[in-house]
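Notes to accompany the following structure.
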Amino acid sequence: MAGQKPIMDWQKRRGETIAVGEIRVTPESRALTVRWPQGGLVWNQPAAIWVQRDGEQKRVPIINITRAIVWSLYAGVALVGIACMLRALQKR
């Protein structure tokens, strides 16, 4: 079907540029869109800011340290779980 939107779409978008004196800042975000017949889901997160100064443009990534800590905790729990299972199997 022509013109049909995909079920899942991953996009990067830039927001409105803000100028303060000689500096121009533009936010950039990532969005994951999932569609189904009765509705959908959109998940957004900031990705970076673009800073333009003296004719030079630089992308400054936004790092979500909380997400990194949470995934590290998940990995630690998984490793401890695997170690406990292996130890229980060795005792048999």
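FYI, it's all coordinate maths here, none of it is from the lab. Just so it is clear, the model here is predicted, and its values are computed rather than measured. Virtual Cβ from ideal backbone geometry, glycine too; neighbours counted across all protein chains shown.
Given the DSSP H assignment, sum -39500 (n - 2.57) over each helix run of at least 4 residues in the chain and divide by its residue total; what's the result at 222 nm in deg cm²/dmol, nearest 500?
Value at 222 nm, helices only, nearest 500: -10500 deg cm²/dmol.
Could you work out the local net charge near T26, counting Lys and Arg as +1, Asp and Glu as -1, over the other residues with Cβ closer than 9 Å to its Cβ?
Once all neighbours under 9 Å are counted, the net charge is 0.
Which of A78, A48, A68 moves most in a GNM of the chain, Cα contacts under 10 Å?
Checking each option, the largest mean-square fluctuation is seen for A78.
Which of the following values of log10 I(q)/I(0) by the Debye sum over Cα atoms at q = 0.12, 0.13, 0.21, 0.25 Å⁻¹ was calculated from the structure shown: [x] -0.38, -0.45, -1.02, -1.32; [y] -0.32, -0.38, -1.08, -1.56; [z] -0.69, -0.74, -1.03, -1.17?
[z]
When only DSSP loop residues count, what GluC sites (Glu not before Pro) in segment 1-34 have their Cβ near at most 14 other Cβ atoms within 10 Å?
E16, E22
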